[in-house]
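All remarks here apply to the structure that follows.
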Amino acid sequence: MSVLLILFLITLLLAMLSGLIFLSDSVPTQYIKIHMYIIVLPIIVGLIGLFTVNNSVIIGPFTLDKLAWLMGSFILILGFIIQKFCVRYLLGDKNYRQYFPLFTLITVFASVAWLSGDLRLMVLSWGATLLCLTLLIRVNRFWKVPHEAAKISAKLFVVGWLSLVIAVLLLFVSTGHWYIDAVAVDYSHLSFGMKLIIDLFIVLAVIIPAAQFPFQSWLIESVAAPTPVSAIMHAGIVNAGGIILTRFSPVFDNPIAITVLLLIASVSVLLGSGISLVHVDYKRQLVGSTMSQMGFMLVQCALGAYSAAIIHLVLHGVFKATLFLQSGSVVGRFNIPTPLTAKQSYSWIVLGRLLAIVIAFVFWFNSDHSAYELISALILAWSLMVSWNQLIAFSKSAMGKLIGIGMIVIVALVYIVTHHFFNYLLNTVHISVTHPPLLSSILSIGIIVFGSILSIWVARHRNSHTFAVLYLWLVKLGEAKSASIESHPNYLKKYL
């Protein structure tokens, strides 16, 4: 195990040095191909650790278990894919050489953070990750928009990072330990007030990078950054809240803090969904989607479903990175045939809703009837209704409907197989589970149900004053600040 760790650290160091070497103008641009081979090395070592290590082992400041190797390999693989995409996509950019070192540093620091058992190393690595991300957003220093976005992001990142620092310092002062496993042993002796303060700081530390309401502004402002930068943010940074809460699960047990997280995340699910529906800018739609998805991931954590949250953050990362990297070709696909009207497809819509309700009920009936399973059943019903409408109800031909049904079945089977695979990987990871108060779970479910009912009502009253107010409010909520808007980039004038 120690040999594997040493190899992993050496390959990470080689990747960092390779990226920094590329900053020199004396190094030919073709060197980037060699860099691509070098950053594959830690991925290979990480995957070996993922599939060969079965038990949790502590070596120095590192805690090596399936979760650590999974997250380290995941972020490195995403980083490789994004950098490989950038080799041609960013060619010709004046700052071409600066992107690759920053991408590499982000993935290296993030992977080290999630392998860290020592809270000091975790906090420092996570801070370095956020710093590199801020520098990546403002690579083009002469353009006003990303410069403003970087300032907003930096301010919020500092608040979030300092919150995590304070939580860790309070844990050390209260227990005398820097390792989370050792902290958990003495944590039960702390007073209710101290636990509340520590857990509230942890909540603040995770909702800011997850772009949860009311801290979603940094992610909204950052859409001006190049698409690969957005991909690394949405796929590997915003979902860090899930792994942070999983690592801190032995001490994240205060019912008030859990309730606060649950309510903020539930509201963010609705607001993120609303933003993605009202905006026409493709990247802002993805921002709203990410805000909503991260809200649901934090709901999973608050309800104690940490394994589900890990699976969610990995699948969301892959999915969202794919959407961003192919966003340049999305315009060509907007020429979609007009679907049948809702009135013509009403019977199919009703059938889809009935099937969704039946499937959700069967899912709930065969579960352990926990609050998380109830919310999952509601989300499942809603997802099936939307998929049914888009793929089947509004399809004009019988063949189109059959293809839609086939796609839903295939996606369901892929999800089941993937879910079981990740459950197999994580079954050896020890995670402490604390469930929120029943009232908090009821409120969260109520918020989600209210949002679903409201969306149905709004869809039927598009000419009402309430619809106009809600629509414009969501548009404003998803808009960048005026200081970050520039119709014609001034820095381009010198090239004209």
Quiz item: Which one of these is buried (at least 18 other Cβ atoms within 10 Å of the Cβ) and closer than 27 Å to I442 by Cα: L391, L378, L374?
Solution: L374
Quiz prompt | Single residue of the range 223-235 satisfying the filter (open to solvent by less than 10 Å² (accessible area, probe 1.4 Å) and part of a helix (DSSP H, G or I)) that is modelled with the lowest pLDDT | solution = A235
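Tell me yes or no: at least one residue of the range 86-97 is assigned to a helix (DSSP H, G or I), open to solvent by 10 Å² or more (accessible area, probe 1.4 Å) and touching a Phe, Trp or Tyr at 6+ places or on another chain (Cβ under 8 Å).
From the range 86-97, those assigned to a helix (DSSP H, G or I) are 86-89, 96-97; that's our starting set.
Filter once more, keeping what is open to solvent by 10 Å² or more (accessible area, probe 1.4 Å): 87-89, 96-97.
From what is left, the residues that are touching a Phe, Trp or Tyr at 6+ places or on another chain (Cβ under 8 Å) are 97.
Checking the range 86-97: at least one residue is assigned to a helix (DSSP H, G or I), open to solvent by 10 Å² or more (accessible area, probe 1.4 Å) and touching a Phe, Trp or Tyr at 6+ places or on another chain (Cβ under 8 Å).
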Quiz prompt | Sole residue being at pLDDT 90 or above, out of contact with any Cys (no Cβ under 7 Å at 6 or more places or on another chain) and among the hydroxyl-bearing types (S, T, Y), chosen from S268, S289, S249 | solution = S268
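Of the residues in the range 395-406, how many are open to solvent by 50 Å² or more (accessible area, probe 1.4 Å) and either touching a helix residue (DSSP H, G or I) at 6+ places or on another chain (Cβ under 6 Å) or within 17 Å of S347 (Cα to Cα) (or both)?
So the count comes out to 5.
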Quiz item: Restricting attention to the range 481-489, does a residue exist that is assigned to a helix (DSSP H, G or I), at pLDDT 80 or above and either in contact with a Ser or Thr (Cβ under 6 Å, 6 or more places away or on another chain) or polar (S, T, N, Q) (or both)?
Solution: no
Exercise. Inspect the range 425-436 for any residue being assigned to a helix (DSSP H, G or I) and exposed (fewer than 13 other Cβ atoms within 10 Å of the Cβ) and give the result as yes or no.
Key: no
Exercise. For the range 236-273, enumerate the residues that are open to solvent by 10 Å² or more (accessible area, probe 1.4 Å) and under 12 Å from M291 (Cβ atoms).
Key: I264, V267, V269, L270, L271, S273
Quiz item: Does A211 satisfy the condition of being on the phi > 0 side of the Ramachandran plot and touching a residue at least 12 places away in the same chain (Cβ under 8 Å)?
Solution: yes
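Give me a count of the residues in the range 54-69 that are in a loop (DSSP other than H, G, I, E, B) and under 23 Å from the mean Cα position of the chain (by Cα).
1
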Quiz prompt | Residues located in the range 1-46, provided they are of a type in the set (A, V, I, L, M), part of a helix (DSSP H, G or I) and open to solvent by less than 60 Å² (accessible area, probe 1.4 Å) | solution = L4, L5, L12, A15, M16, I32, M36, I38, I43, V45
Quiz item: Is there a residue in the range 183-201 that is closer than 24 Å to P61 by Cβ, in contact (Cβ under 8 Å) with a residue 60 or more places away in the chain, surrounded by 22 or more Cβ atoms within 10 Å (Cβ to Cβ) and within 25 Å of the chain's Cα centre (by Cα)?
Solution: no
Quiz item: Name the residues in the range 112-170 that are in a helix (DSSP H, G or I) and among the charged types (D, E, K, R), would you?
Solution: R120, K144, E148, K151, K155
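The values are calculated or read from the model by the stated rules, or taken from the named source; none is laboratory data. For clarity, every value in this text was computed on a predicted model and none was experimentally measured. Quick reminder, even Gly has a Cβ in these numbers, built from the backbone with ideal geometry, and neighbours come from all protein chains shown. Ligands, DNA and RNA are excluded from the accessible area calculation, which covers all protein heavy atoms including side chains. Shrake-Rupley method; radii C 1.70, N 1.55, O 1.52, S 1.80 Å.
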